[in-house]
1. Could you check, for region 72-94, whether at least one of its residues is at positive phi, surrounded by fewer than 19 Cβ atoms within 10 Å (Cβ to Cβ), in contact (Cβ under 8 Å) with a residue 60 or more places away in the chain and part of a loop (DSSP other than H, G, I, E, B)?
2. Which ones in region 125-142 are within 18 Å of the chain's Cα centre (by Cα), at pLDDT below 80 and outside any loop (DSSP other than H, G, I, E, B)?
3. When you scan region 95-124, how many residues do you find that are within 13 Å of the chain's Cα centre (by Cα), assigned to a loop (DSSP other than H, G, I, E, B) and within 13 Å of residue 161 (Cα to Cα)?
4. Based on this model, can you work out whether residue 131 counts as surrounded by fewer than 17 Cβ atoms within 10 Å (Cβ to Cβ) and either in contact with a helix residue (DSSP H, G or I) (Cβ under 7 Å, 6 or more places away or on another chain) or touching a residue at least 24 places away in the same chain (Cβ under 8 Å) (or both)?
5. Considering only region 143-163, state which residues are assigned to a loop (DSSP other than H, G, I, E, B) and crowded, with 17+ Cβ neighbours inside 10 Å.
C-alpha cells in the first residue's frame, strides 16, 4: 500500500470516528437537553428568603427521599458527592410543581420543580414512565402549584437541571 493510500485510509477512519461521535452527541442532546417545554403562563416563583423543607420519611421506600432544594443544593455543593448519593438511585421527591409539560420529541409527560441553592437556582426535571397509561394521566392532571410526591431514578445533573427518569406519581 502506497503512503498516499495509507493517508487517505487513515483520514477516512478519522472522519468516520468524528461523525459517529458527533451523532452520539446530537442524540444525547436530543434525549436530555431538549426535554423541556416551558409554560410561559406560570413562571417558577422566585423567593429571596426561602427555607429548606424536608420530605417526610417513610420506611417502606428503599431509596433517597428529598425535596427539590435539598437535591439541588447537594449538586451545587459537590456534584461528585451528590452523584454518589443520588445518581442511578431511586429518589422520592416531595415538593410543589412549578411547571408541567411534555417532551417535544417523544411526548413524554414531565414535571418541573423550581430549586434554589445557596449560590444558584435551577430545576429538578421529572420525566415520566410511559409504560403506564394511569401514570401518564396522573402526570397530565398536575398543575403548577400542586404538592406532589414523585419517585424516579436520578440521572444526575445536566446544566441547570437535576433529572429524574422513569418517574411515577407516588401513591401510598
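The values are calculated or read from the model by the stated rules, or taken from the named source; none is laboratory data. Keep in mind the model is a prediction, meaning the values are calculated, not measured. Cβ atoms come from the backbone with ideal geometry, glycine included; neighbour counts cover every protein chain shown.
1. Checking region 72-94: at least one residue is at positive phi, surrounded by fewer than 19 Cβ atoms within 10 Å (Cβ to Cβ), in contact (Cβ under 8 Å) with a residue 60 or more places away in the chain and part of a loop (DSSP other than H, G, I, E, B).
2. 135, 136, listed by residue number.
3. 0
4. No: the conditions fail for residue 131.
5. Matches in region 143-163: 144 only.
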